[in-house]
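Just below is one structure, and these are the notes that go with it.
The values are calculated or read from the model by the stated rules, or taken from the named source; none is laboratory data. Predicted, not measured: the structure shown is a model, and the values here were computed from it. Positions of Cβ are backbone-derived with ideal geometry, glycine not excepted, and every protein chain shown enters the neighbour counts.
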Amino acid sequence: MPQFGNADQALGAARLINNLYQEVIDKYPSHFKAYGAVPLPHVEAAILEGKRIMQELGFLGIAVNTVLENGQSLADPAFVPFFEAMDALGAIIYVHPTGCGAFSPMVTDYEQEWTVGAPIEDLLATVQLLKVDYPKRFPNLKFHMAHLGGGVSFQMQRLLDNYEDWHSFSHNPLTTLKKHFWFDTANFLEASLLHSQAILGQDRLLAGSDFPYFQDNKYSRSVLLYSTKHH
């Protein structure tokens, strides 16, 4: 997602990206579909490009970052008009980390932005979206979270207990996740894949590779191992 202080520059960069995607799709229509880029935090420009992405280009949805470079969460009230507009279009919202280490010195001081920082961003974004009740407020949106949601299934009992005992969420988090969220399998460990399947349900999982971040066959090994054993 292009982030510039100038709204016109950010919009221009997003349109360049989306037009390049469209060229690839036009050339290989049976091979590719796309999530488009939008120029958040510039809400009006993001709505404008989001509408073009969905209505003119016919993309599946919108790709956004877990957090913006100024530290704003996707759950920031400033972005409500954007999500309202995308809800009206029935967009998929694909959420991916930035490598900022969740702006935590505990991550960044030790250069762990992509080892553990990325899934921490995924998990925080997932929980923040639950906390502000976006799935209920914008029921036509479908949220695609990267990397098995940062391992949200491993935190499920804690989320449920805090929901039941301390009302940390407005609605049951597991029920909400199983209705409004999907999680890609870019996690690379078979046991993690199986655990997420058991907690979230197989129908909530999407094939994901993280290619070309990892090399050789690492990007597909968990799915390949699962497929070999179970089919």
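Listing for the model above:
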{"item": "Enumeration of residues in region 134-149 that are within 10 Å of the chain's Cα centre (by Cα) and part of a helix (DSSP H, G or I)", "result": "HIS147, LEU148, GLY149"}
{"item": "The lone exception for SER168 - which of (1) under 20 Å from GLY117 (Cα atoms); (2) of a type in the set (Gly, Ala, Ser); (3) not in a helix (DSSP H, G or I) it fails", "result": "(1)"}
{"item": "All positions within region 61-100 that are crowded, with 17+ Cβ neighbours inside 10 Å, more than 10 Å from the chain's Cα centre (by Cα), without any contact (Cβ under 8 Å) to a residue 40 or more places away in the chain and under 25 Å from THR185 (Cβ atoms)", "result": "THR98, CYS100"}
{"item": "Test for ALA118: is it at pLDDT 95 or above, under 25 Å from LYS218 (Cα atoms) and assigned to a helix (DSSP H, G or I)", "result": "yes"}
{"item": "Condition check for TYR110: at pLDDT 95 or above and in a strand (DSSP E or B)", "result": "no"}
{"item": "Test for PHE32: is it in contact with a strand residue (DSSP E or B) (Cβ under 8 Å, 6 or more places away or on another chain), among the aromatic types (Phe, Trp, Tyr) and not in a helix (DSSP H, G or I)", "result": "no"}
{"item": "Close pairs from region 19-38: first over 10 Å from LEU57 (Cβ atoms), partner modelled with pLDDT under 95 and not polar (S, T, N, Q), Cβ under 7 Å, at least 6 apart", "result": "ALA37/MET1; ALA37/PRO2; VAL38/MET1"}
{"item": "Single match in SER168, SER209 (criterion: among the hydroxyl-bearing types (Ser, Thr, Tyr) and either without any contact (Cβ under 8 Å) to a residue 12 or more places away in the chain or over 22 Å from LEU74 (Cα atoms) (or both))", "result": "SER209"}
{"item": "Qualifying positions in region 93-120 - of a type outside the set (Gly, Ala, Ser) and closer than 20 Å to ALA207 by Cα", "result": "ILE93, TYR94, VAL95, HIS96, PRO97, PRO119"}
{"item": "Matching residues, region 176-202, being in contact with a strand residue (DSSP E or B) (Cβ under 9 Å, 6 or more places away or on another chain), assigned to a helix (DSSP H, G or I) and under 20 Å from ALA91 (Cβ atoms)", "result": "LEU177, HIS180"}
{"item": "Subset of region 107-137 [crowded, with 18+ Cβ neighbours inside 10 Å, among the acidic types (Asp, Glu) and within 28 Å of MET86 (Cα to Cα)]", "result": "GLU121, ASP122"}
{"item": "Flag for GLU56 being surrounded by fewer than 19 Cβ atoms within 10 Å (Cβ to Cβ) and in contact (Cβ under 8 Å) with a residue 60 or more places away in the chain", "result": "no"}
{"item": "Flag if GLU84 is of a type in the set (Asp, Glu) and assigned to a loop (DSSP other than H, G, I, E, B)", "result": "no"}
